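Single-structure report; data block below.
Taken together, the values in this text are just the output of simple stated rules run on the coordinates, not laboratory data. Small disclaimer: the values here were computed from a predicted structure and weren't measured. Quick reminder, even Gly has a Cβ in these numbers, built from the backbone with ideal geometry, and neighbours come from all protein chains shown.
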């Protein structure tokens, strides 16, 4: 047995000894995806926009039939979703698991870092490739929710394979793409893990009600941002918020018909 082959075997044995702590292989395939809720024509819209993956904020596809070549990615949304049935659904439905949607917001998963850490071994035990909880903001902030979670996970020897992020820009100028890129770079510099952008769009949440850009401004941002995201090696995947205008005003399709942003997203690589 040559020395190289002997080394490969020794490494394989060591990894096997770690059991569920060894990270699965990185997911392959194009980056472009989308979040989606079920609506009439959803499969046609998913196919038309060219999404190679999608998620539904749930452990199962929520009645959506994926078009050929489009991967479903399950999510364990919050603490009440950490059940044997939901975890088994997720394991059966996909190869990668998204975890805890905006735990830093009271109106979303609303979880303490300690609670998330205490539940983490159950998510890890699925054996699926596992993303960190997706914070609403401050992923690059020292002492922020994500930072405390990542420190706690490291201290307990837990596995986190990539970082999902959400980003909504209130500057509707062409500077928005650079602002998004700067945030992603700062998070990557902090954790040195692959990044998934699982929600993003131009929306200004600074006032009492959300403010949205014009159709032309949003479509221009789609074109600029997707080109940027496709060019960043540490960004594995991204998903626009969201597929349908029945879910959000930033949606890409009304029924099966794309709007200006939908056409721009469809044109993205």
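List of remarks:
- Extension gain (nm, one decimal) between residue 106 and residue 68, 0.36 nm per residue minus Cα-Cα: 10.0 nm
- Acute angle (nearest 10 degrees) that the helix 215-231 long axis makes with the longest principal axis of the chain, alpha-carbon atoms: 30
- Average Cα contact separation per residue, segment 108-262, under 8 Å, 6 or more apart, as relative contact order %: 18
- Sorted ascending by nearby beta carbons within 10 Å, beginning with the fewest, 192, 166 become 192, 166.
- Taking the longest Cα principal axis of the chain as reference, the axis of helix 145-156 is set at about 10 degrees.
- Degrees separating the helix 176-191 axis from the principal Cα axis of the chain, which is the longest one: 10
- CD proxy at 222 nm, helix term only [per DSSP H run n ≥ 4: -39500 (n - 2.57); per residue of the chain; nearest 500]: -11500 deg cm²/dmol
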